[in-house]
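The values are calculated or read from the model by the stated rules, or taken from the named source; none is laboratory data. The structure displayed is predicted, hence computed values, not measured ones. Cβ coordinates were reconstructed from backbone atoms using ideal geometry, including for glycine residues, and neighbour counts include every protein chain displayed. These accessible areas exclude ligands, DNA and RNA; they are computed on the full protein's heavy atoms, side chains included. Shrake-Rupley method; radii C 1.70, N 1.55, O 1.52, S 1.80 Å.
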Amino acid sequence: MKKIAVIGGGAAGMSVAVMLKRRGFSVLVLERGERLGRKLSATGNGQGNVTNTDMGAEHYFSDDREKVARALARFGADDTVNFLESMGGIFLPDGRGRVYPASRQASAITDLFRRELARTGVEIKTNAFVRSVFRKGEKFAVNLENGREEADRVVLAAGGKAAENFGTDGNAYAIAESFGHTVTPLSPVLVQLKCRTEEVRGLRGIRVDGLVRVVRSGKEIYVGRGDILFTDNGVSGDAIFRASSYTKKGDTLLLDLLPDVSEQRLVSLCGREDGLLCVINNGLARTLLKRAGGERLASLIKRFPLTAEGTLGFSRAQATRGGIPLSETDEHFQSKLCKGLYFAGEILNADGECGGYNLQWAFSSAYAAAEGMV
C-alpha cells in the first residue's frame, strides 16, 4: 500500500488526506501546530464561508488561469458541498452566493474533518514541524524537528505566508525551492488597507454599506459593494478585503457612502439644517460637514476619496498573492521537477477574491492531487 505524507493540516491538507484515504492509500498528516484546522476554524469571520455559487476562474489571480479553470471544472462548488455533506452537516448559500454551514460555525467544519480523519484511520502527527524533504531512492525522506518519516509520495499543503499566527509563515516555500521550484513575488491580500491618517481622522469604528472604486492614473480598476469599516489608519470590511486584491500603493479609493441614493436627492437634503439625520451615521455626518457643505457635501458622500498607502501586512491578511507557479506543475499539481511531489492550496500561485474562493481552491487543488495518484 502506497504511503502518502501530507505536510500541513489545514483545509487543503485535511481534504487531500480524506480523499486519499477513501481511495485506499495509507495517509500521514504532519501538522506543525498543536491541532488541525486552526485557520479553517476562523474562516468567513468565524462562520465558515466554504465556497460560492458564482464559481469561475475569473475570480482568481494566477500565472495560469486556464489551469485554475480546469481544476474548478473537475471539482467545483457543488462538488465541495457534496464532499463536505458526505462527512455530515448541511451547507447553504446566502443571498450573495456565499456558502456556509447551516450552523454558521467554521469550527464545526474543522470538527467534521477531524471526525472523518479519525473514522477512516488517517494517521495524524501534530507538533510535527517539517524541516526538509528529499528523495531517498524511490521514496521521500521527511525530516522533522524531532524524527524522520518516509513516504512514497508527498503533498505539500502547508499554506502561504498569510496569518502567521496559524503557523503559515512561508517556511514551506523553502521545501519547494529545494527541489528546484521558483516562488513568484509574494504579497498579502484580503487584508485591511492603510490610508493617510488625516483622511480617516474622526471616523474610527463607523461602518457603512458602501461602494468601493479603485482608481489608478484616472482609470477605474475595480468596483465592488459591501461593508466598509473605518479604522485608526485606514479601512477594513469585506468590501475592502475584496478591493485589496486589486489595490496598489498610491491608488485612490473612491467610496460611495450611500450607493442607493442619488447625488441629486442628497443635494436637496444637504441644504437643510441637520439634513443628514436618518441619512448617514451621525458621526460620519459631523466629520463630512467639517470638510464640505452644500452640493460639495453631497459629492463627498458619493465620492469620498482615500489614498491607499499599503496594507497591514501578512500577519493580518487572509490570503497570499503568489507562490509556486502553476506552470511548474502538471494538471494534478504534481511537480514537473520531481515526480511524486504534489502541491495543494495556498502554496500554489493562485488566490481568489473574498467570498469563499480561496477555500474552494483548497478543495479543488486537493481533489486534483488526490485524483493524480490513483
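Some values worked out for this structure:
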item	result
For the chain: relative contact order, % (alpha-carbon pairs under 8 angstrom, 6 or more apart)	24
Viscosity 0.890 mPa s, 25 °C: Kirkwood-radius Stokes-Einstein D of region 93-166 over Cα pairs, µm²/s	157
ALA118-LEU92 pseudo-label distance in nm [points 7 Å out on the Cα-to-Cβ vector]	2.8
Probe 1.4 Å, all protein chains present, accessible-area order of GLU328, GLU150, largest first	GLU150, GLU328
Region 75-205, Rg to Rh (Cα coordinates; Rh as Kirkwood inverse mean 1/r)	1.06
Counting DSSP beta bridges with both ends in region 1-108, the antiparallel % (nearest 5)	50
For region 94-106, Karplus couplings with θ = phi - 60° (6.51, -1.76, 1.60), whole Hz, Gly/Pro x	9, x, 9, x, 6, 9, 10, x, 4, 6, 6, 10, 4
Fraction of beta bridges assigned by DSSP in region 26-172 that are antiparallel (%, nearest 5)	85
Mean Cα-pair separation over length for region 100-214, i.e. relative contact order, pairs under 8 Å, 6 or more apart, %	11
Test item: Cα-centred dipole of region 103-247, Lys/Arg +1 and Asp/Glu -1 on Cβ, debye	240
Selected from ALA12, PRO93, VAL50, residue furthest toward positive end of dipole (region 1-99; charges at beta carbon)	ALA12
Per residue, the convex hull volume that the Cα atoms of region 194-270 enclose (Å³)	104
Test item: Cα-centred dipole of region 1-45, Lys/Arg +1 and Asp/Glu -1 on Cβ, debye	160
Debye equation applied to the C-alpha atoms of region 142-239, log10 I(q)/I(0) at 0.21, 0.22 Å⁻¹	-1.15, -1.21
For region 8-21, Karplus couplings with θ = phi - 60° (6.51, -1.76, 1.60), whole Hz, Gly/Pro x	x, x, x, 4, 5, x, 5, 5, 5, 5, 4, 4, 5, 5
Value at 222 nm in deg cm²/dmol, rounded to 500, when DSSP H runs of n ≥ 4 in the chain each add -39,500 (n - 2.57)	-8000 deg cm²/dmol
Gyration tensor (alpha-carbon) shape descriptor, region 149-198, a/c threshold 1.5	prolate
Debye, to nearest 20: dipole size of the chain, +1 on Lys, Arg Cβ, -1 on Asp, Glu Cβ	460
Antiparallel bridges, percent of DSSP beta bridges restricted to the chain (to nearest 5)	75
Identified option (computed percent of Cα pairs over 39 Å apart; candidates [x] 23; [y] 57; [z] 14)	[x]
19 Å Cα cut-off, lysine pairs counted over region 1-129 (separation 8 or more, or different chains)	6
Phi to ³J(HN,Hα) by Karplus 6.51 cos²θ - 1.76 cosθ + 1.60 over region 239-256, Hz, x for Gly, Pro	5, 6, 4, 5, 5, 4, 5, 10, 9, 10, 4, x, 5, 9, 9, 9, 9, 8
Interchain or long-range residues, amide H under 5 Å from ASP63's placed H	LEU326
Region 46-163, relative contact order in percent, only Cα pairs under 8 angstrom and at least six apart counted	21
Simple label model, 7 Å out from Cα along Cβ direction - ARG296 to GLU177, nm	5.2
Ratio of the Cα radius of gyration of region 233-374 to 2.2 N^0.38 Å, where N counts its residues	1.57
Label-to-label distance, nm, for residues given as GLU85 and ARG196 (7 Å Cα→Cβ offset)	5.2
Taking the convex hull of Cα positions in region 227-288, its mean projected area over all directions (nm²)	5.3
